[in-house]
Amino acid sequence: MFISIEAGRCMGHGRCYAVAERLLTDDDEGFVVERGQTWEVPGGLTTEAEAAAQACPETAIVVRES
Ligand code: SF4
């Protein structure tokens, strides 16, 4: 599974890292540090990745299988 966070859509609501604290981190302004990145989700964290995508009110986070 891969996760992408579109930097331009991220408004810093903070809901994503609240539900995926082992996968995502927050910066000093409340934005997710990993915005603008795409990376492969470690095997044990796929549920957290899906939860982060569902939690984001800006639909900034997309998960896909390949
Ligand atoms: S929930 Fe969405 S808008 Fe909020 S910090 Fe995470 S990616 Fe950005």
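The values are calculated or read from the model by the stated rules, or taken from the named source; none is laboratory data. Small disclaimer: the values here were computed from a predicted structure and weren't measured. Positions of Cβ are generated from backbone atoms using ideal geometry, with glycine treated the same way; all protein chains shown enter the neighbour counts. All accessible areas refer to the heavy atoms of the entire protein, side chains included, with ligands and DNA or RNA removed. Shrake-Rupley method; radii C 1.70, N 1.55, O 1.52, S 1.80 Å.
Anyone know which of Gly44, Gly30, Gly12 comes out most mobile in the 10 Å Cα GNM of the chain?
Among Gly44, Gly30, Gly12, the largest GNM mean-square fluctuation belongs to Gly44.
Using θ = phi - 60° and the Karplus curve 6.51 cos²θ - 1.76 cosθ + 1.60, what whole-Hz ³J(HN,Hα) does each residue of the range 38-46 get, with Gly and Pro shown as x?
3J(HN,Hα) across the range 38-46, in whole Hz: 10, 7, 7, 6, x, x, x, 10, 5.
Hull surface divided by four, with the convex hull built on the Cα atoms of the chain: how many nm²? Don't jump to the answer; show the numbers that get you there.
On the way: hull surface 14.9 nm².
With the hull built on Cα positions only, its mean projection is 3.7 nm².
Give, as a single signed number, the net charge of other residues whose beta carbon lies under 14 Å from the beta carbon of Asp26, with Lys and Arg counted +1 and Asp and Glu -1.
On the way: positive: Arg15, Arg22, Arg35; negative: Glu21, Asp27, Asp28, Glu29, Glu34.
Summing Lys/Arg as +1 and Asp/Glu as -1 gives -2.
Would you mind working out the magnitude of the charge dipole of the chain relative to its Cα centre, with +1 at each Lys and Arg C-beta and -1 at each Asp and Glu C-beta, to the nearest 20 Debye? Don't skip to the answer; put the middle values down first.
Details: 5 positive and 12 negative charges, 37 e Å.
In total the dipole reaches around 180 debye.
Computed FRET efficiency, Cβ-Cβ of Arg64 and Glu29, R0 30 Å: what is it to the nearest 0.05? If you can, show how the numbers build up before the last one.
Working: r = 28 Å, r/R0 = 0.93.
The value I calculate is 0.60.
Please give the contour-minus-distance gain from Met1 to Trp39: 0.36 nm per residue of separation, less the Cα-Cα distance, rounded to one decimal in nm. Don't jump to the answer; show the numbers that get you there.
On the way: separation 38, 0.36 × 38 = 13.68 nm, distance 0.87 nm.
Contour length minus the Cα-Cα distance gives 12.8 nm.
With the contact rule set at Cα under 8 Å and sequence spacing of 6 or more, what percent relative contact order holds for the range 2-64? Mind showing how you got there, number by number?
Details: 113 pairs, mean separation 30.4, N = 63.
RCO, the range 2-64: 48 percent.
Given a 1.4 angstrom probe, I'd like the percentage of the accessible area of the chain that is carbon and sulfur, rounded to a whole number.
On the way: 1810 of 3950 Å².
Roughly 46 percent, rounded to a whole number.
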